[in-house]
Amino acid sequence: QVQLEESGGGLVQPGGSLRLSCAASGIIVGLYAMGWYRQAPGKQRDMVAIITSDGSTSYIDSVKGRFTISRDNVKTTVYLQMNNLKPEDTAVYYCNAARTATSYWGRGTQVTVSS
């Protein structure tokens, strides 16, 4: 059974930092494209960052230079380091694992950026 469990969300002031973790079980994360997505209230779920099986990364423009995605294959965990957070980063952040026609989602972790 595949499980993705996100953690590390919370309330932070603008300019602050958080590190999200996605602990995976039942899959080999190095074989999947692992991604972080976010969904703000009333909006669609959007891709934030992805790390492919060969280690390539991509980000949406609004987080480039502020967020970093990384993967620990031994711990089967994917991270999202978020720096210089802005109020518009407020959303539920979801972890995703994708390979060919297979996709798994975690339940999400709330990130709120507010003073």
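Determine, yes or no, whether residue 30 is more than 16 Å from residue 109 (Cβ to Cβ), open to solvent by less than 60 Å² (accessible area, probe 1.4 Å), not basic (Lys, Arg) and not in a strand (DSSP E or B). When the stated conditions are applied, residue 30 passes them.
Residues are listed down the side, and each one gets a yes or a no for (1) assigned to a strand (DSSP E or B); (2) open to solvent by 40 Å² or more (accessible area, probe 1.4 Å); (3) in contact with a Cys (Cβ under 7 Å, 6 or more places away or on another chain); (4) touching a residue at least 40 places away in the same chain (Cβ under 8 Å):
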position: 24; (1), (2), (3), (4): yes, no, no, yes
position: 44; (1), (2), (3), (4): no, yes, no, no
position: 65; (1), (2), (3), (4): no, yes, no, no
position: 71; (1), (2), (3), (4): yes, yes, no, yes
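Scanning region 88-115 for residues that are part of a strand (DSSP E or B), open to solvent by 40 Å² or more (accessible area, probe 1.4 Å) and in contact (Cβ under 8 Å) with a residue 40 or more places away in the chain gives 99, 104, 105, 110, 112. For residue 6, the conditions (1) farther than 23 Å from residue 114 by Cα; (2) open to solvent by less than 30 Å² (accessible area, probe 1.4 Å) are fulfilled apart from (1). Consider residue 85 carefully, then state whether it is in a loop (DSSP other than H, G, I, E, B), open to solvent by less than 50 Å² (accessible area, probe 1.4 Å) and either modelled with pLDDT under 95 or not charged (D, E, K, R) (or both). Judged against the criteria, residue 85 is a match.
The values are calculated or read from the model by the stated rules, or taken from the named source; none is laboratory data. Every value quoted in this text rests on a predicted model; they were computed, and no experiment measured them. FYI the Cβ positions are ideal-geometry reconstructions off the backbone, even for glycines, and counts take in every protein chain you see. The accessibility values were calculated without ligands, DNA or RNA, using every heavy atom of the protein model including side chains. Shrake-Rupley method; radii C 1.70, N 1.55, O 1.52, S 1.80 Å.
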